[in-house]
Every structure is written in C-alpha cells, then in structure tokens.
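The values are calculated or read from the model by the stated rules, or taken from the named source; none is laboratory data. Bear in mind that the values here come from a model prediction, so they are computed numbers and not experimental data. With ideal geometry, Cβ positions are generated from the backbone for all residues, glycine too; neighbour counts draw on all protein chains shown. Protein only, heavy atoms only, side chains kept; ligands, DNA and RNA dropped before computing areas. Shrake-Rupley method; radii C 1.70, N 1.55, O 1.52, S 1.80 Å.
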Amino acid sequence: MRILGIESSCDETGIAVYDSEHGLLAHALHSQVDMHAVYGGVVPELASRDHVRRVIPLIKSVLQEAGLSSSDIKGIAYTAGPGLIGALLVGVAVGRSLAYGWGIPAVAVHHMEAHLLAPMLEANPPRFPFIALLVSGGHTQLVQVNRPGDYVMLGESLDDAAGEAFDKTAKLLGLGYPGGPALSALADKGKPGRFEFPRPMTGRPGLDFSFSGLKTHAVNTIHREDDNQQTHADIARAFVDAVVDTLTIKCRRAMEETGINTLIAAGGVSANRQLREQLHGLTKKMGGRVYFPRPEFCTDNGAMIAYAGCLKLQAGKTEPLSFYARPRWPMMELNAV
Ligand code: KG4
Ligand code: ZN
C-alpha cells in the first residue's frame, strides 16, 4: 500500500510517500524557520499562509522524485492535530480533497503518535512493547506503547515542554529562534559544574515533568552573572545537563516501573546529542536498548505521518468525507489498530 503523507501542524510543510512493502520512497520538507526567526517565534497566520503556498508544489516534487503519478497513490494521511488550527487546516483540507478527487481513502493522523512511531521507519526498528519519551516543542510525555494505537500515558509536563524550555532559555541568551540546536551547541563549549541547576520533580515519586522553573533559574543566573561568552556557555551547559538528567531519571523510573527495557525517544529534542548519549548509557546499564529516528525524522516531517497513516489504512480504518482539525487532541483518545 502506497501512502502520501502531509504534515502542516506548525512551521514545517512535510510531504512523503511511504510504501508498506518498499518503505519510504521519497520525502521533502519546507521549513519556515527563516520566515519566523525575525519575530522570535512562530507567527500562526504567516505559518498558515506559507503552508498554502508550499503544499501543492511540494506534493508534486515528491511524486516526481519517487517516479510516481497520482494514480499510484492508494491513500492519504494528514496531520489533524495537535497543532496550530490554521496550519493544520491546510494539510487537512488538501489531504481530504485530493483523496476525494483521486477516489482513494484518507485518514487523520495524530502528530505525537506519528512522532512515537518514527523509529519504526529505521532499518532495525524496536519491538513492541516499548517506552516512548516524546520531547518536542509542545509536548513532553512518557508513554507505554503496547502496539500501534494502544498507549498508556505514564507522565507528562505540567507546564512548559522540554523544547519550549530550550527555546525560551536560548532566547534569554540571545540565540534566536528556534534555540534548541543553538543552545545545545553553546552548551558543548561550557564548563560542567560551574552552575548547578535543579532536576525538577525527580526527588518525589511519579513520572510527570515541570520545566518552567528551570527557565526562571536560567533568568536569575543570567542576571546575576557577568555578561560574557564563557559564562553564557557555562549557563547553557548547566541548563542542558539539568534537562537531560531529568529526562533520563524519568526514563529509568518508567522502565523500572513497567519492566519494559526497550526505550525510544522522538520529537525535536531527541535530536539532542547529550540526551542521546545519556539514554544510550542508561539502557545499556539496564540491559535494554534505546532507539531514535534519524535526526531529520526527530523533528517534524511527512514520513512519520505517511507511516502512521499507512498502519491505519492497512488495518482497514475508514473516515467520512467531512474533515476536522483538532488543535488539542489527547493521545489517549486514540484506539488500537
Ligand atoms: O518535534 P518538533 O520539530 O516540533 C514540534 O512538534 O514541536 O520539535 C521542535 C523542538 C523545538 O523546541 C527545538 O528547539 C527542539 O525541538 N530541538 C532541539 C534540538 N533540535 C530541535 N532541542 C535540543 N537539542 C536539539 N538538537
Ligand atoms: Zn512535532
């Protein structure tokens, strides 16, 4: 089964064709980062308009790259939420309409579910069940994944998402938007241990997270200390160490509590080098294994949407022609396929 995937939930237009027998055939991404950078964050209306401009040309070029025509596509998968309403509506409307025009089924995909299935696109995919650490710009979640669609929420952030904390702290250090990658690079130049940041909510039981206090801690440290490059790097290092330690501690706890020693990490922050290293160390110590999508599939992309949609359509899932976008969409409302 050959599926066209469309992602437009935030500031990236992602398109891909996934084939259940031959894997990923082609994919392309248009990032709006440069457009939003001048404003220091995503401007929703500009995001929607840019998706409108990009989505059709990108679909055409992906089909061409795969050497396919519209008649080769047997189903369409589009991100229906969570995300920005205007941005989502572009992919939803285009996906649903193309499917109607081409006379094929279409299916709505949950963006975070697609993130957690992204490691399945790699050569040696993890086996179910596994624990998924989802760390993106909007979400921080620990999920027990029994099989596609069968999820147990183990813990999540009570305030800022991990990526949001990275972006806000990066902004305080004048690193621009989105700051996650730049903050990680700056942290590499920092001295470990010069500043000690808290590991929020690790001292008590439970698997929830809270990251907004770390941002406050960063603000206070920046204001107190002198304003030079090495100090900024040392603060970045303290921040990244604190986030990565906190995520690692909660992953260990989730693995211990469930007895599942296969871990996956996905979402933008899982591209972070320090996090990958620590999770490798943790799972090795616990006799398990950690899996990551390749870095370009950690952040938003069309491939994960095409893959998640393919599983649903293969399982015979059908949806009416009416369509919806859900800016907020709890993942626990999903059903097993
Ligand atoms: O999954 P994603 O592309 O979009 C959402 O669904 O939110 O995640 C984007 C987030 C941003 O906050 C970005 O700063 C962060 O992921 N990010 C990183 C890295 N690469 C992206 N954070 C830390 N280290 C990185 N290397
Ligand atoms: Zn995402």
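What list of ³J(HN,Hα) values in whole Hz, one per residue of the stretch 63-80 in order, does the Karplus curve 6.51 cos²θ - 1.76 cosθ + 1.60 (θ = phi - 60°) give from phi, with Gly and Pro shown as x?
Karplus-based 3J(HN,Hα) across the stretch 63-80 equals 4, 5, 4, 7, x, 10, 10, 4, 5, 7, 8, 9, x, 10, 10, 9, 6, 9 Hz.
Suppose we flag chymotrypsin sites (Phe, Trp or Tyr not before Pro) only when DSSP calls them loop and at most 16 other Cβ atoms lie within 10 Å. Which is the longest uninterrupted stretch of the chain?
Counting at most 16 other Cβ atoms within 10 Å as exposed, the longest clean stretch of the chain is 40-323.
Applying the Karplus parametrisation 6.51 cos²θ - 1.76 cosθ + 1.60 with θ = phi - 60° to the phi angles of the stretch 293-310, what ³J(HN,Hα) value in whole Hz is obtained for each residue in order, glycine and proline being reported as x?
Coupling constants for the stretch 293-310: x, 4, x, 5, 9, 6, 7, 4, 6, x, 4, 5, 6, 4, 5, 4, x, 4 Hz.
In the stretch 209-314, which GluC sites (Glu not before Pro) fall in coil by DSSP and have 16 or fewer other Cβ atoms within 10 Å? Walk me through the numbers before you get to the answer.
Numbers: sites: E225, E256, E257, E277, E296; in loops: E225.
Answer in residue order: E225.
Could you tell me the accessible area of L321 in Å² (1.4 Å probe, neighbours in place), rounded to the nearest ten?
110
Can you pull the accessible area of V42 for me, 1.4 Å probe, Å² to the nearest 10?
40
Can you work out D for the stretch 128-292 in µm² s⁻¹ from Stokes-Einstein, where Rh is the Kirkwood radius over C-alpha pairs, the temperature is 25 °C and the viscosity is 0.890 mPa s?
Rounded to a whole number, D works out at 154 µm²/s.
If the only charges are +1 at each Lys and Arg Cβ and -1 at each Asp and Glu Cβ, what is the size of the charge dipole of the stretch 128-292 around the Cα centre, to the nearest 20 debye?
440
Could you state the accessible area per residue of the stretch 1-93 in Å², with a 1.4 Å probe and every protein chain left in place?
Here the residues of the stretch 1-93 average 41 Å² of exposed surface.
Rolling a 1.4 angstrom probe over the protein heavy atoms, how many square angstrom per residue are accessible across the stretch 128-292?
Result: 41 Å² per residue.
Would you mind telling me the share, in percent, of accessible area of the chain contributed by carbon and sulfur at probe 1.4 angstrom? Display every interim value, and only then the final one.
Values: 7330 of 14070 Å².
C and S atoms contribute 52 percent here.
Report ³J(HN,Hα) in whole Hz for each residue of the stretch 46-53, in order, from the Karplus equation J = 6.51 cos²θ - 1.76 cosθ + 1.60 where θ = phi - 60°; Gly and Pro get x.
5, 4, 4, 5, 5, 4, 4, 5
Quick check for me: using +1 on Lys/Arg Cβ and -1 on Asp/Glu Cβ, what's the dipole size of the stretch 1-156 about its Cα centre, in debye to the nearest 20?
320
How much length is gained on full extension from N124 to H280, taking 0.36 nm per residue of separation minus their Cα-Cα distance?
Working: separation 156, 0.36 × 156 = 56.16 nm, distance 1.57 nm.
Extending this stretch completely gives an extra 54.6 nm.
Given a cut-off of 24 Å, name the pairs among K250/K284; K74/K317; K285/K312 whose C-alpha atoms lie farther apart than that in the structure shown.
On the way: K250/K284 16 Å; K74/K317 13 Å; K285/K312 35 Å.
From K250/K284; K74/K317; K285/K312, over 24 Å: K285/K312.
If packing is taken as the average number of other Cβ atoms within 10 Å across a peptide's residues, how do 9-16, 167-174 rank, most packed first?
With the highest mean Cβ count within 10 Å placed first, the list reads 9-16, 167-174.
For the chain, calculate the relative contact order in percent as a whole number, restricting contacts to Cα pairs under 8 Å that are 6 or more residues apart.
About 25 percent, as a whole number.
Would you be so kind as to identify which of A315, Q278, C298 lies farthest towards the positive end of the dipole of the stretch 273-337, taking Lys and Arg as +1 and Asp and Glu as -1 on Cβ and the Cα centre as origin?
The listed residue farthest towards the positive side: Q278.
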